[in-house]
Amino acid sequence: MTVTWQEDTIQVAERLKVLVRRGGNGGPLVYLHGLLGIERDSQFLDALAGGHEVIQPVHPGWPGSTGLELIDEPVEMALHIGDLLECMGLGRLPVVGWSIGAMFAAELAAVCPHLVSELVLIAPFGLWDDEHPTEDFFSLLPHQLPEYLWADPHSTAARRRDALPADPDAQVEVRLDRIVAMTAVAKFLWGIPDRGLARRLYRIKAPTLVAWGDLDRLVPPQLADRFAAGIRTAEVARLAGCGHSVLFEQPAECAALVSSFLARSLAQEGATQ
Amino acid sequence: VKLHFFHLMPYRLLPSDFSDRYRSVWVDIPRDLYDPVEGHGLYHEYLDELLLAEELGFDGICVNEHHQNGYGTMPSPNVMAAILARTTSRAAILVLGNSIALYNPPTRVAEEMAMLDVLSGGRLIAGFPVGTPQDTCVCYGMNPATIRDRYREAHDLIIRAWKEEKPFAFNGEFTKLRYVNIWPRTLQQPRPPVWIPSGSSVETWDFALQNDYVMCYLSFTGWERAALNIDGYWRRAAELGVDDNPYRLGFIQTVLVGEDDADAERSYGEHVQFFYNKCLHTWPGFVDLPGYRSIKSIKAGLIAWKPPVEALDLSWQDLIDNGSIIAGGPETVRQRLREAAERLRVGQLMLLLQVGSMPPHLVEKNTRLFMEEVAPHVRDLWGDYEDRWSPRPILNRYGTAPGAGRASGDLRAIAT
């Protein structure tokens with residue numbers, strides 16, 4: 001089944017205009033994107049859209065949305081996402097985040113617990129471990145990045161996602177978009193990517209799934225245990241043979257994992273009521 | 001034209017195979033390559049070279065700031081400037097500079113520079129660079145996305161702190177201080193001259209021009225490569241209705257003077273090649289950081305993008321041909337230097353005369369030949385213009401003011 005996606009701009013505040021992409025059938029679910037911004041070619045999201053209306057807002061500062069100057073810290077990003085959901089008339093709902101988006105999702109669940117029914121953190125940034133330091137990906141050269149983003153940088157999935165358009169003008173646009181995105185990323189992850197999330201994890205009350213590719217070279221999978229230790233309601237799933245780009249390396253498996261977690265949580269909630 | 005002696009204070013004993021064995025001279029350079037016993041000697045050697053420069057008549061002597069760096073071992077230029085303030089008596093002391101976005105609170109820079117100005121008898125030139133990405137964002141962890149905002153705020157705070165007569169409150173985005181009240185006051189009033197070390201950032205040109213600061217173009221790749229950029233600077237000055245006084249522009253140039261052309265190559269060749277081929281070896285991943293450059297300048301760069309030139313194994317002649325160095329016998333250097341200064345319209349020439357692994361006897365030779373054989377033939381340039389950006393000669397009870405004999409004047413009259 002092909003999903004029909006549509007994109008709209010939502011004015012959250014005077015200087016905060018947010019691009020939102022939505023599609024699918026079922027109860028609403030928020031997806032918070034990773035380092036490079038909006039996903040327009042994601043089998044993972046297409047699969048999720050089979051059972052949910054998937055709502056994908058572009059974070060302020062990433063291509064498509066404005067207002068990064070109003071947001072300095074991940075906590076402020078969480079407040080913004082809360083505002084956006086309110087603007088859209090959305091209440092309590094599942095929140096799925098990947099990479100930096102998972103860090104924002106965790107912050108949202110900590111700062112606005114009433115808005116998050118279930119939380120899925122896929123390879124989240126946000127914690128630091130001296131024994132397992134997060135890679136300084138800002139100092140990697142472009143040709144080095146793939147081996148940190150993928151378990152197999154030569155896989156079809158990796159080549160397809162990393163490919164630049166043949167047209168030189170379009171290529172400039174894509175590269176500029178990546179630079180804009182990485183500038184926004186730097187605001188939240190520069191240096192030591194720890195902005196105090198560890199202190200707030202205890203506030204997360206939603207049932208939480210922490211999923212991680214066991215070959216992630218960007219954000220060490222060992223951090224999964226730290227998330228699990230900090231979030232009382234968390235369970236951990238490890239995806240064998242996957243790197244940081246797990247959603248593209250095993251899209252169907254990831255979607256199945258998320259769907260079954262959400263279904264289980266729903267059933268448990270029903271049982272306790 | 002004013003002549004300033006610029007010193008990087010390199011660790012000139014790096015192994016000759018450095019660039020083959022390590023990825024960068026900067027940021028993550030192996031610590032065990034630094035031998036502090038040698039370092040003890042090098043610091044004193046370099047200070048002696050700066051003292052000699054004053055003795056031989058340079059208008060200014062320059063120190064600068066680098067962090068975790070093998071070719072610049074002055075993480076705190078103010079430490080060196082303090083020594084120079086005490087041991088020299090005439091030359092301007094150019095601190096080029098303090099990367100003001102790094103210091104929290106930035107009033108620390110206002111305080112230390114005020115100390116230097118008072119100590120030196122009003123000879124300080126205050127350099128305020130944004131700082132390189134390596135120094136500021138990597139070594140000192142500043143966020144590249146906000147470094148320029150921090151810089152502007154620190155600048156506003158320091159300038160105001162020097163100027164205000166009474167304590168004031170400062171509520172910035174990055175610095176919040178209930179009582180700003182700098183003791184001591186600067187001797188130069190209302191403040192020391194401000195020079196802005198920079199490269200080709202249009203935003204920085206505007207900033208320097210609008211505030212009437214000297215813009216110092218700092219690069220080691222020579223005047224020919226810089227010429228197009230500097231043309232842009234002068235065009236921008238005209239657009240903003242600013243005069244074209246050459247003294248509002250500084251430029252650094254590596255110069256090597258021998259008895260004749262062949263002697264220059266024989267004496268300095270290996271040391272200069274060591275600097276250009278080995279010392280400037282830095283990891284590119286520490287340079288182009290997201291947010292450090294504006295999207296506007298990145299876009300211009302992407303559209304005009306050409307593959308970088310492999311700057312490896314440049315010969316002496318390559319370095320002369322590409323303009324990185326001006327080198328040869330006195331007559332060659334006179335002609336080329338004059339040509340460069342006229343072409344760039346530069347009034348503040350900063351000369352790099354100690355380069356790479358050059359030992360002290362060659363630095364002395366180069367410096368003496370420069371001042372005796374070259375300087376007298378270029379100094380008259382721009383004589384019709386007034387240099388409004390250098391310290392006025394202020395009498396100093398610990399030294400001698402130019403042409404004034406032993407100090408006897410009333411400091412108070414000059415300082416107010």
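What to note about this one:
- Scanning the stretch B:125-142 for residues that are at the interface with chain A (Cβ under 9 Å from one of its Cβ atoms) and either in a loop (DSSP other than H, G, I, E, B) or of a type in the set (Phe, Trp, Tyr) (or both) yields B:GLY141, B:MET142.
- Inspection of the stretch B:79-86 finds no residue satisfying the criterion of being closer than 22 Å to B:SER219 by Cα and without any contact (Cβ under 8 Å) to a residue 40 or more places away in the chain.
- All conditions in (1) free of Cβ contacts under 8 Å to residues at least 40 places away in the same chain; (2) part of a helix (DSSP H, G or I); (3) of a type in the set (A, V, I, L, M, F, W, C); (4) buried (at least 24 other Cβ atoms within 10 Å of the Cβ) hold for B:ALA53, with the sole exception of (1).
- Test: residue in the stretch A:113-130 that is in a helix (DSSP H, G or I) and touching a residue at least 60 places away in the same chain (Cβ under 8 Å): yes
- The strands (runs of 3 or more DSSP E) falling completely within the stretch A:1-89 that include 2 or more residues that are modelled with pLDDT of 95 or more and more than 18 Å from A:ALA102 (Cα to Cα) map to A:5-13, A:16-23, A:52-57.
- Being modelled with pLDDT under 95, surrounded by fewer than 23 Cβ atoms within 10 Å (Cβ to Cβ), touching a Ser or Thr at 6+ places or on another chain (Cβ under 9 Å) and not basic (Lys, Arg) holds for only one residue in A:LEU223, A:LEU266, and it is A:LEU266.
- So B:LEU102, is it among the aliphatic types (A, V, I, L, M) and within 14 Å of another protein chain (Cβ to nearest Cβ): yes
- Condition check for B:ALA145: crowded, with 19+ Cβ neighbours inside 10 Å and more than 14 Å from chain A (Cβ to nearest Cβ): no
- Residue within the stretch A:227-241 that is outside any helix (DSSP H, G or I) and either within 14 Å of another protein chain (Cβ to nearest Cβ) or under 13 Å from A:PHE125 (Cα atoms) (or both) present: no
- The set of residues in the stretch A:160-211 that are over 30 Å from B:GLY141 (Cα atoms), more than 14 Å from chain B (Cβ to nearest Cβ) and part of a helix (DSSP H, G or I) comprises A:ARG160, A:ARG161.
- Of the residues making up the stretch A:4-45, those that are in contact with a Pro (Cβ under 9 Å, 6 or more places away or on another chain), touching a residue at least 60 places away in the same chain (Cβ under 8 Å) and not aliphatic (A, V, I, L, M) number 8.
- Considering A:ARG21, A:ARG40, the condition of being of a type in the set (D, E, K, R), over 30 Å from A:ILE192 (Cβ atoms) and in contact with a Phe, Trp or Tyr (Cβ under 6 Å, 6 or more places away or on another chain) is satisfied by A:ARG21 alone.
- Of all residues making up the stretch A:216-249, the number that are without any contact (Cβ under 8 Å) to a residue 12 or more places away in the chain and under 26 Å from A:PRO146 (Cα atoms): 1
- Scanning the stretch A:119-127 turns up no residue that is away from chain B (no Cβ under 14 Å), over 21 Å from A:HIS33 (Cα atoms) and at pLDDT 95 or above.
- The residue that is surrounded by the fewest Cβ atoms within 10 Å (Cβ to Cβ), among those in the stretch B:78-92 that are outside any loop (DSSP other than H, G, I, E, B) and hydrophobic (A, V, I, L, M, F, W, C), is B:VAL79.
- Count of the stretch B:265-285 residues, restricted to those that are within 21 Å of the chain's Cα centre (by Cα), within 14 Å of another protein chain (Cβ to nearest Cβ) and among the hydrophobic types (A, V, I, L, M, F, W, C), is 0.
- For A:ARG217, the stated conditions hold: it is away from chain B (no Cβ under 14 Å) and among the basic types (Lys, Arg).
- Residues of the stretch B:244-256 include none that is within 14 Å of chain A (Cβ to nearest Cβ), assigned to a helix (DSSP H, G or I) and touching a Leu at 6+ places or on another chain (Cβ under 9 Å).
- Pairs where the first residue, in the stretch A:182-208, is more than 30 Å from B:GLY285 (Cβ to Cβ) and the second is among the aromatic types (Phe, Trp, Tyr) and surrounded by fewer than 22 Cβ atoms within 10 Å (Cβ to Cβ), C-beta under 7 Å, 6+ apart: none
- All positions within the stretch B:73-88 that are farther than 15 Å from B:GLU45 by Cβ and polar (S, T, N, Q): B:SER76, B:ASN78, B:THR88
- Within the set A:ALA105, A:ALA110, the sole residue that is touching a residue at least 60 places away in the same chain (Cβ under 8 Å) and farther than 23 Å from A:MET182 by Cα turns out to be A:ALA110.
The values are calculated or read from the model by the stated rules, or taken from the named source; none is laboratory data. In this text, all values refer to a predicted model and were calculated from it rather than measured experimentally. Please note: Cβ atoms are built from the backbone with ideal geometry, for glycine as well, and neighbour counts cover all protein chains shown.
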